[in-house]
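Input: a single structure, listed below in structure tokens.
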Amino acid sequence: MDLPLDDSNGLVNLRNLALTLGNLPDDKGVPIVLVPGFAGWGGPLFGAVNYWGGIENIPKLLMERGYTVIVTPIGPLSTNWERACELYRQLTFGKFSCFNPATNEIQEIHDVPIDYGNYFNSDTSGPLYTKTCNRKRAILFSQSPQDYVDWQWREDRKVHFICHSQGGNTVRYLVSLMKLGARDLHPDYFSTGGRDTWTVSVTTLGAPHKGTTIIDALNNFIANSTDQAVKLLARSFAIVSFQSPQHRAYDLQLDHWGICRRDKEPTGKESFQEMRQRLESSFGPVSKWYCSNHNAFYDNSIKGVRDLHMKAIPTSSHVYYFSLSFHSTIPFPCYWPSWTAEALNTFPIKLVDFVRKLLYSIPVVNIGAWIIDRILEEVANTLGWPIVLSLVSFRDFVRWATQAVANRLLDEIDYDVTLPPPGKYLPRIDVLPFMLPTVYAMGGQELSPEQKDILGENLGDWYLNDGIVNTESMRGPDDSIVRSISGFPTSSINVEGGRGIYWQFGVNNQMDHADEIGVFIEEYTAQCMREMYINLATIVSRLPS
């Protein structure tokens with residue numbers, strides 16, 4: 001029995017489709033490849049926090065239900081080109097680091113060589129090297145790991161991709177390279193086309209298919225202190241990249257840019273102070289990396305994703321696509337809160353005193369001073385502030401307080417930051433604390449004329465967001481066909497019309513960008529997150545491969 005797929009909550013539609021397809025035979029032998037987004041990682045961070053699940057372990061959860069899962073530790077801040085090369089190599093390397101369910105541990109092995117091809121060869125703003133070595137293997141979660149010894153991604157060993165955030169654009173690029181080939185850019189990895197059939201499905205969760213305005217919000221915040229911000233970034237990079245890759249708690253995987261501890265002639269290596277000074281230099285590798293267009297900050301911007309549109313096909317006609325959108329906002333109040341009158345009564349001067357001083361300064365009016373006092377006492381105190389509040393909206397008042405007072409004060413005392421103005425939305429009360437400012441900032445981030453031109457006429461609501469990505473951007477690539485999941489051919493999913501289309505489950509308004517992967521969450525959200533991945537696995541395992 002088909003269940004309705006037109007609920008306002010995308011997670012309900014996801015669950016109903018899983019229940020509808022649940023009676024079909026499944027194929028749990030096709031691995032589910034989890035592709036992380038911006039700032040993502042592979043194995044547990046500090047040995048405790050999973051990218052996929054936070055304090056939960058989603059790959060293990062799926063493995064216990066019979067699925068095979070591959071976690072891919074690709075570059076957290078790298079371009080989609082670099083990440084696509086890393087993803088391809090990890091899946092074709094033939095060896096994995098394996099999760100041990102008896103000990104709940106992963107013995108991560110660093111022996112994967114990565115070749116980035118000729119993509120950067122003609123660009124002086126590119127990395128120092130086009131090859132790197134000793135990168136992490138992908139991590140295998142399987143009840144039958146012996147079946148995946150020497151396993152390599154190929155035509156008869158297909159995969160499903162589930163992608164969070166930037167992972168969606170990374171996989172879009174990879175599938176396009178597999179379909180079209182890129183002999184000039186990478187004669188080793190992408191010498192031939194026609195290999196998009198190696199992928200059965202792609203599912204994106206909160207992906208910036210059209211870019212995100214978080215990049216603009218961050219740039220506005222540090223507009224007056226970009227040099228200091230880059231220097232601080234370089235110092236942070238030096239700290240996390242000082243050790244060799246095998247011993248890093250968090251691996252940026254930017255060694256090919258020179259962002260690592262360098263050998264020092266004739267023997268030995270840089271000290272930490274030497275490395276820090278090199279990275280913090282105005283002409284050092286971090287400044288070069290950040291100021292180029294070869295980083296995840298640019299690739300996730302609206303302009304950066306427009307560039308991806310020019311390089312990659314939106315979809316493959318051989319692949320099933322699904323997308324799920326999120327937002328973590330509430331509308332900015334259009335009314336003055338109930339506590340406003342009480343707050344205004346604590347203003348340094350009373351409104352009646354202001355009016356009295358103003359009128360007494362007019363010579364003619366001053367003649368009837370006693371009349372003025374009577375009127376003010378009887379009328380101004382009861383009607384004054386309500387009249388003012390009726391003339392000015394609460395959001396306009398907050399905007400004035402931010403722009404005309406707070407930011408001017410910050411500038412005067414040499415604070416090189418700019419507070420964002422209020423917009424259409426505020427963060428939900430259950431938003432992860434460090435995302436409260438980003439939800440707020442994106443709720444008021446205006447699109448530039450160039451961005452509006454890139455996005456076209458049907459802009460939609462670009463203020464609604466999950467703290468990192470605009471909800472409007474999550475549906476699917478701008479040049480793809482996006483349809484509601486209510487039209488998905490549940491009765492005959494093998495028809496040609498089911499592939500090459502982004503099937504949109506809808507929007508969920510309870511998860512922020514971190515909740516989508518279970519990082520630092522409330523228990524109710526954790527339950528929704530667990531069910532989301534179980535339902536996704538149920539659906540993709542029923543798709544014909």
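One table, with the values for the structure above:
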{"read-out": "Using a Förster distance of 60 Å, the FRET efficiency for A404-Q277 (Cβ separation, nearest 0.05)", "value": "0.90"}
{"read-out": "Under 17 Å from K136, Cα to Cα: lysines that are on another chain or at least 8 residues apart", "value": "K95"}
{"read-out": "Label point distance in nm, K424-I239, each placed 7 Å from Cα along Cα→Cβ", "value": "3.8 nm"}
{"read-out": "Charge sum, other residues only, whose C-beta stays under 15 Å from S125's C-beta, Lys/Arg counted +1 and Asp/Glu -1", "value": "-3"}
{"read-out": "Inter-label distance, nm, simple model (7 Å from Cα along the C-beta direction), S144/N104", "value": "2.7 nm"}
{"read-out": "Solvent exposure ordering (accessible area, 1.4 Å, most first) of K269, K179", "value": "K269, K179"}
{"read-out": "Rounded FRET efficiency, nearest 0.05, which uses the C-beta distance separating D411 from Y129 and R0 of 45 Å", "value": "0.60"}
{"read-out": "The chain, dipole about Cα centre (Lys/Arg Cβ +1, Asp/Glu Cβ -1), debye to the nearest 20", "value": "740 debye"}
{"read-out": "Peptides 471-477, 236-242 ordered by average Cβ neighbours within 10 Å, highest first", "value": "471-477, 236-242"}
{"read-out": "Three-way shape call for the range 191-298 based on the alpha-carbon gyration tensor, with the a/c threshold at 1.5", "value": "oblate"}
{"read-out": "Whichever lysines have a C-alpha closer than 22 Å to that of K264, once near sequence neighbours (fewer than 8 apart) are set aside", "value": "K131, K288"}
{"read-out": "Computed lengthening from E522 to D396, 0.36 nm per intervening residue step minus Cα-Cα distance", "value": "42.0 nm"}
{"read-out": "Most to least packed among 306-315, 212-221 [average Cβ atoms within 10 Å]", "value": "212-221, 306-315"}
{"read-out": "Given (1) 27.4, 100; (2) 23.5, 87; (3) 25.5, 108, the label whose value is Rg and Dmax of the Cα atoms in Å derived from this model", "value": "(1)"}
{"read-out": "Listed peptides 421-427, 82-88, 228-234, 408-414 by packing density, highest first (mean Cβ within 10 Å)", "value": "82-88, 421-427, 228-234, 408-414"}
{"read-out": "Cα gyration tensor, the range 460-531 - rounded (a/c under 1.5), prolate or oblate", "value": "oblate"}
{"read-out": "Contact order relative to length of the chain, as percent, for alpha carbon pairs under 8 angstrom and 6 or more apart", "value": "21 percent"}
{"read-out": "Environment charge of P331, counting only residues whose C-beta is closer than 12 Å and scoring Lys/Arg +1, Asp/Glu -1", "value": "+2"}
{"read-out": "Calculated [θ] (222 nm, deg cm²/dmol) that DSSP helices of n ≥ 4 give over the chain, each run adding -39,500 (n - 2.57)", "value": "-9500 deg cm²/dmol"}
{"read-out": "Solvent exposure of the chain as accessible area per residue, Å², 1.4 Å probe", "value": "46 Å²"}
{"read-out": "FRET efficiency estimate (nearest 0.05) - Cβ-Cβ, N494 to S8, R0 35 angstrom", "value": "0.75"}
{"read-out": "In nm, spacing of pseudo-spin labels at N118 and S317 (7 Å Cα→C-beta vector)", "value": "3.0 nm"}
{"read-out": "Quotient of C-alpha Rg and 2.2 N^0.38 Å, computed over the range 7-77", "value": "1.32"}
{"read-out": "Surface share of carbon and sulfur [accessible, 1.4 angstrom probe, percent] for the chain", "value": "56 percent"}
{"read-out": "By accessible area with a 1.4 Å probe, ligands and nucleic acids excluded, highest first: order of I114, I330, I534", "value": "I330, I534, I114"}
{"read-out": "Local electrostatic count, N458, Cβ distance below 15 Å [Lys/Arg +1, Asp/Glu -1]", "value": "-3"}
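The values are calculated or read from the model by the stated rules, or taken from the named source; none is laboratory data. These figures come from a predicted structure and were not determined experimentally. Heads up, the Cβs are rebuilt from the backbone with ideal geometry, glycines too, and the neighbour counts pull from every protein chain shown. Remember, those area values only see protein heavy atoms, side chains included, never the ligands or the DNA or RNA. Shrake-Rupley method; radii C 1.70, N 1.55, O 1.52, S 1.80 Å.
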